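The values are calculated or read from the model by the stated rules, or taken from the named source; none is laboratory data. Remember, it's a predicted structure, so these values are computed and weren't measured experimentally. A quick note on method: Cβ atoms are made from the backbone with ideal geometry, for glycine too, and the neighbour counts reach across all protein chains shown. Please note that ligands, DNA and RNA were not included when accessible areas were found on the heavy atoms of the full protein model with its side chains. Shrake-Rupley method; radii C 1.70, N 1.55, O 1.52, S 1.80 Å.
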Protein chains: 2
Amino acid sequence: MRVEIWSDIACPWCYIGKARFEAGLAGFAGRDGVEVVHRSFELDPGAPAPTDVPVLEMLAAKYGVSREQAEAMEARVADAARGEGLGYRSDRVHGNTFDLHRLLHLAKAHGVQDALLGVFYRANFAEARPLGDRETLVALAAEAGVPAEEAARVLADPDAYADAVRADEREAAELGATGVPFFVIDRRYGISGGQPAEVFREALERAYQEGAVQPLASGDAGVCGDDGCAVPTA
Amino acid sequence: MRVEIWSDIACPWCYIGKARFEAGLAGFAGRDGVEVVHRSFELDPGAPAPTDVPVLEMLAAKYGVSREQAEAMEARVADAARGEGLGYRSDRVHGNTFDLHRLLHLAKAHGVQDALLGVFYRANFAEARPLGDRETLVALAAEAGVPAEEAARVLADPDAYADAVRADEREAAELGATGVPFFVIDRRYGISGGQPAEVFREALERAYQEGAVQPLASGDAGVCGDDGCAVPTA
């Protein structure tokens, strides 16, 4: 089974949803047969990079609310994060995530995509580190197992993995995703949002039990098997 | 969309089915969005390697028929191959294909898996070349774009890609495949056998039109989108 997860590093529900999905996956008996692939989605592709705009300022401007109201909104999301045992700081900054998604594609080539996404989430939400800063990104990539010089090279070349990020985003649109996180099981079922772990576990079990693919055409004609190959009788 | 094709180089219907699938794919408007992945399947894992057993001898022994009857069976399969514009020789030899599948996994890492499978089919069925011969295999791999020294290294190391071959075969069994070729579209639909091109085209169109994944859970809770992130109201 393959689960694809569209998400953005700037998205609190993606951060929380990743933990909830992993809890659901841990409770699923067939977990060892599940391959997880992370896909790119930018919530704010027009955001400047790098930027030092505090998230609370961005939220107040975006929703047209006071700083106190923005803080209250953040506090409720922070409660949900802490409910999953996750750190959450509202003094983080807001910025463009395109470069981070490019690095996640590099990490995929090294087999450490999931690890790097986890490191990015922690750095952003639990540690409020400046993700517009290249040295910070290279250090985080290295922490996840991506060779530092390769990460630096990708950051220096704006075309590196840019097509891969855009292809993921196009695919999200084709699948009808308008927000993230968006989880897709075997291209068959879609789950929108950072749902409770139980929702993920049940979805995995449902897809697993249906299991075998639906036959569209079959029959002896044109098949080779244990008993040899079918031979046309015409 | 992703189409996985389980096949064996020793399987005439896989050879014919590949051409028919490609004809069906060529007639499908969404062909540029289709990724094809070849998966390993051995029809005769117990076959000795390398071997010089003529296919006609193997067939006569397997089915308990005379050489003339084996020739007549082959002639009917050859007609089907020629109907797709494919060369077909019955003086080819029969042998173990495990090493060939290992090389196809190496070719996948180089992005030339489809090319190498085509080269193997042509060498076996149209040219009756000895596929138990390592030098022949290295030359064929190089023709498809696999560096010769890497192919030689994989052939010299019986463990290289062995797990990948066995994982494919396990997956075929899990999906209920008992023969090849076996085509799976998006892990949703299965097509068994070298069916007419039209069957493949229709299956691709059906899967494409259904397109969007089926939502299992959604709602505003826990989603970030263009309008910002949902905030718990509790």
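Things worth noting here:
- Some residue of segment A:159-170 being facing chain B (nearest Cβ under 9 Å) and on the phi > 0 side of the Ramachandran plot: no
- Of residues in segment B:171-182 being more than 7 Å from every other protein chain (Cβ to nearest Cβ) and either of a type in the set (A, V, I, L, M, F, W, C) or at positive phi (or both), the one surrounded by the fewest Cβ atoms within 10 Å (Cβ to Cβ): B:173
- Taking first residues from segment A:64-90 that are among the basic types (Lys, Arg) and partners that are modelled with pLDDT of 95 or more and part of a loop (DSSP other than H, G, I, E, B), the Cβ contacts under 6 Å between residues at least 6 apart in sequence or on separate chains come to A:89/A:128.
- Cβ separations smaller than 7 Å between residues 6+ apart or across chains give the following pairs from segment A:165-181 residues that are modelled with pLDDT of 90 or more to residues that are assigned to a helix (DSSP H, G or I): A:165/A:98; A:165/A:101; A:165/A:102; A:165/A:105; A:180/A:14; A:181/A:13; A:181/A:14; A:181/A:17.
This table checks each residue for (1) of a type in the set (Ser, Thr, Tyr); (2) at pLDDT below 95; (3) within 29 Å of residue A:174 (Cα to Cα).
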| position | (1), (2), (3) |
| --- | --- |
| A:33 | no, yes, yes |
| A:39 | no, no, yes |
| A:50 | no, yes, no |
| A:63 | yes, yes, yes |
| A:81 | no, no, no |
| A:98 | no, no, yes |
| A:106 | no, no, yes |
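- Condition met for residue A:89 (outside any helix (DSSP H, G or I), under 22 Å from residue A:48 (Cβ atoms) and more than 14 Å from chain B (Cβ to nearest Cβ)): yes
- With respect to (1) over 30 Å from residue B:209 (Cα atoms); (2) within 14 Å of chain B (Cβ to nearest Cβ); (3) crowded, with 22+ Cβ neighbours inside 10 Å, the lone exception for residue A:117 is condition (2).
- Residues of segment A:3-35 that turn out to be assigned to a loop (DSSP other than H, G, I, E, B) and at the interface with another protein chain (Cβ under 10 Å from one of its Cβ atoms), as a count: 3
- Residue list for segment A:44-97, restricted to those being among the acidic types (Asp, Glu) and either open to solvent by 30 Å² or more (accessible area, probe 1.4 Å) or out of contact with any helix residue (DSSP H, G or I) (no Cβ under 8 Å at 6 or more places or on another chain) (or both): A:44, A:52, A:57, A:68, A:71, A:79, A:84, A:91
- Conditions (1) facing chain A (nearest Cβ under 10 Å); (2) under 30 Å from residue A:41 (Cα atoms); (3) open to solvent by 20 Å² or more (accessible area, probe 1.4 Å); number of the one not met by residue B:228: (3)
- Pairs are defined by a Cβ separation below 8 Å, a sequence spacing of at least 6 or placement on different chains, a first member in segment A:187-204 that is open to solvent by less than 10 Å² (accessible area, probe 1.4 Å), and a second member that is among the acidic types (Asp, Glu); the pairs so defined are A:193/B:220.
- Per-region count, segment A:20-43, residues over 10 Å from the mean Cα position of the chain (by Cα) and surrounded by fewer than 18 Cβ atoms within 10 Å (Cβ to Cβ): 12
- Taking the criterion of being farther than 23 Å from residue A:83 by Cβ and of a type outside the set (Val, Ile, Thr), the residues of segment A:7-37 that qualify are A:29, A:30, A:32, A:33, A:35.
Residue by residue, here is whether (1) acidic (Asp, Glu); (2) in contact with a helix residue (DSSP H, G or I) (Cβ under 6 Å, 6 or more places away or on another chain) holds:
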| site | (1), (2) |
| --- | --- |
| B:148 | no, yes |
| B:171 | yes, no |
| B:202 | yes, no |
| B:226 | yes, no |
| B:230 | no, no |
